[in-house]
Structures are given as structure tokens and as C-alpha cells.
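Trainee: Take this structure first; my questions come after.
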Amino acid sequence: MDKGVALLLGFKTELKLNKAQRTALMKHCGVARHAWNWGLNLTKQILDHNARHPDSKIKFPTAIDLHKWLVALVKSENEWYYECSKSTPQQALMALRESWKRCFNKTAGVPKFKKKGKRDFFTLEGSLKIKGSNKIQVPVIGVLKTYERLPQVLTKSCTISRQADRWFISFRFEVEAAVSANSDVVGVDLGVKTLATLSTGVVVDGAKSYKKYEAKLSRMQWLNRHKVVGSANWKKAQLKIARLHRKIANIRKDTLHKLTTLVAKNHGTVVIEDLNVSGMLANHKLAKTIADMGFYEFRRQLTYKCELYSSKLVVVDRWFPSSKTCSNCGTKKETLTLKQRVFECDHCGFVIDRDLNAAINLSLYASDS
Ligand SMILES: [Zn+2]
């Protein structure tokens, strides 16, 4: 029961950068791209040569060969290479060699030249250190901040990528995941009234903590409506508004993290519903709650945390009538409006909170299957 299982997990999150850091990341992307394109050009020439001279073929280079040649021929001529981690061109050449391997195996096409701004990314290898809850130290560039809490793990390499103006860091790490001794099932109903209701009866209210900030925010936006755009007063107010937005976003994220950790850590099986978000958005009453709470984010966090704590995540088809079914006798109601916050069974007379009823049905679903 207590025997650990080594799991390889991946984690990706957005970086919070300053200007100097953005520049450093751009430079690294440039080096990775340059090394790749240089290597690709060279290897293409070798293949060309070998096709034309079958009797005097040149050995197709390994990633190590390519890197040796790069150091000897390219780096000295391109000084900006020295401003970047040496692992970046090395990793780019390794990726190129892998790409050729897939091409030779006929599992992929011929590698392509990279263009600036298109799928920009690079890899760093070496001493990486996670510092505190949302900082990671990487070679050459230094300490990078993230918006999100980082898992407290060891990792030897990371990939940094760009999507439009946003930068992301991703890394893999191994965990010795303890097999969860807790085999019980918990159903989680994501709510309208509260953030979540668990089948155990635990209710997680995500709304209260930031309600007051939200009220403040809408008041400020309203007061600001007649200010001259660009004026000193307007700028001051905009800054305050931005700060409030950030505060609210942080509270929400923190609440979600608490919820997903609570659920994944303490239960062997977690059952959630696959939400039909687009369908629910058509209902204006639900729209704001869904947008605020971020159900996709909830599911993303829960997925990796369940892996981390060795619990099982069961996602129930969205057509499963979790709200309409009596969790006591199993009878299904024909209709149940959103306004009906209490479930009353016409068959057995059972009365229960609507969300709790749904959560229990979810937990029963997994216990039955
Ligand atoms: Zn019933």
C-alpha cells in the first residue's frame, strides 16, 4: 500500500516578466532558432552531397558532432551566443537531430527552417531551482516569476515558449507519488450558488472573499466614467483599477488551488462532471459564475494534482442527470429549474440541497462503475 510509484509529470505556466527579462528570452529564442537553422542547412547539404556522391558519403552527424562544429565555427563569429546559456543551442541541435530521426523513420516529414516569431521557444538545461512558491531560478537569465504557485520539485531542464505577448515555462519532473491509502470517493458539484459542493457535505464558497473587491471595482469604474482619457486623474484611477483586477484574480486563483488540493489530496477517487460550458453560457444567470470561477482552470489543476496525489479522476458525461436524480432512491425527475435550490423527491419524499444531491450522485456514479 505504501509503496511509492515514480511518475513523470509535466507542468506549464505563464511567466511574469520585466522588460530586461523579455529581452533575454528573445535573445535565447534567437540563438535557438539560429542554431537550428544553421544545423538544418548543414545537414541538408550533407544529405545532398551523399545523394550525389554515393561512393564518397559523409557520415551523418550526431547531435554531439553538430554542437562541436557549432562551437568551432559559429559561436566565435556570432558574439551574441555568449550572452545566452550554452545549453540553448545544444538543446536546439538535439531537437534537430531527433527531428531528422523521425524523418528517417518516416514518422514525420523533413525538418523545416524556423522563422522569427513563429513558435518561438528554447530549452535551458543545468541548475534550476524552485524558490518559494512562485519563483524559479534558471541558468544565465536568473530568477523568473510566475503568476501561479509552482510545484516544489526538482527539475533539470525547462522550456520557455512565447504565444503572442505571453511567455510560458514548462518543465517535467519525477515524483515519488505515494499510493493513496484513501480509497473513498468524492463527488464535486461545481455550483451556481457556491464554488463547489462535495458529496461529503463540505461546501466551498469561493465568492465571499472577493465580493467586496468586486463591488469596489464596479464603483470605481462608474466614478471614472467621465474622466478625460489620458489625464492625470484618469491615469491614477486606471492604475487603481488594474490593481483591483489583479487582486481579484489572485484571490480566485488561490481559492481554486485550495479547492483542488483539498479534493485531490484527501480522496482516492474524485468525480466531476464534464461541463457543457457553451450550453451553460447561453443561460445568462450562469454565465458570470462560470467566467469568474474558470472551470477549465479547475479541471486543469485537478488533473495534475490527482496525478500528484495518486488519486483517480473520473469525468462524468455531461448528459448524466446528476441534478435531476434522487440520490436516495434513484428516481429521476422530469424537470428541475435552476431556481429550485432544494431537491424534493416525488417518489420517496427525500429532501436535500440541490448541489449536495448532485455531488452525491456523482460519487455514486463512480462507486457503481
Ligand atoms: Zn427519492
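Trainee: Suppose we filter the range 146-155 for residues that are exposed (fewer than 14 other Cβ atoms within 10 Å of the Cβ) and without any contact (Cβ under 8 Å) to a residue 60 or more places away in the chain; how many remain?
Mentor: Residues flagged as exposed (fewer than 14 other Cβ atoms within 10 Å of the Cβ) and without any contact (Cβ under 8 Å) to a residue 60 or more places away in the chain within the range 146-155 amount to 2.
Trainee: Residue under question is Arg162, and the condition is that it be modelled with pLDDT under 90, part of a strand (DSSP E or B) and not polar (S, T, N, Q); does it hold?
Mentor: Here the answer is no, as Arg162 does not meet what is asked.
Trainee: Please go through the range 290-349 and pick out each residue that is within 16 Å of the ligand (Cβ to nearest atom) and either among the polar types (S, T, N, Q) or outside the structural domain of Thr269 (by TED's automatic domain parsing) (or both).
Mentor: Ser322, Ser323, Thr325, Ser327, Asn328, Thr331, Thr335, Gln340
Trainee: When the residues of the range 165-188 are narrowed to those that are over 22 Å from the mean Cα position of the chain (by Cα) and surrounded by 18 or more Cβ atoms within 10 Å (Cβ to Cβ), which ends up modelled with the lowest pLDDT? Spell out the reasoning first.
Mentor: Going through the range 165-188, the residues over 22 Å from the mean Cα position of the chain (by Cα) turn out to be 178-187.
The next check asks that each one be surrounded by 18 or more Cβ atoms within 10 Å (Cβ to Cβ); those that pass are 180, 185-187.
On the way: Ser180: 44, Val185: 90, Val186: 91, Gly187: 92.
So, considering only residues that are over 22 Å from the mean Cα position of the chain (by Cα) and surrounded by 18 or more Cβ atoms within 10 Å (Cβ to Cβ), the one modelled with the lowest pLDDT is Ser180.
Trainee: Tell me which of these Leu25 doesn't satisfy, since it passes every other one: (1) part of a loop (DSSP other than H, G, I, E, B); (2) out of contact with any helix residue (DSSP H, G or I) (no Cβ under 9 Å at 6 or more places or on another chain); (3) in contact (Cβ under 8 Å) with a residue 60 or more places away in the chain; (4) of a type outside the set (Lys, Arg).
Mentor: If we test Leu25 against (1) part of a loop (DSSP other than H, G, I, E, B); (2) out of contact with any helix residue (DSSP H, G or I) (no Cβ under 9 Å at 6 or more places or on another chain); (3) in contact (Cβ under 8 Å) with a residue 60 or more places away in the chain; (4) of a type outside the set (Lys, Arg), just (1) comes out false.
Trainee: While we're looking at this one, here's another question. Quick one: which residue in Ser127, Ser157, Ser133 is small (Gly, Ala, Ser) and either modelled with pLDDT of 90 or more or in contact with a helix residue (DSSP H, G or I) (Cβ under 9 Å, 6 or more places away or on another chain) (or both)?
Mentor: On inspection, the qualifying residue turns out to be Ser157.
The values are calculated or read from the model by the stated rules, or taken from the named source; none is laboratory data. If you're wondering where the values come from, they're calculated on a predicted model, not measured in any experiment. FYI the Cβ positions are ideal-geometry reconstructions off the backbone, even for glycines, and counts take in every protein chain you see.
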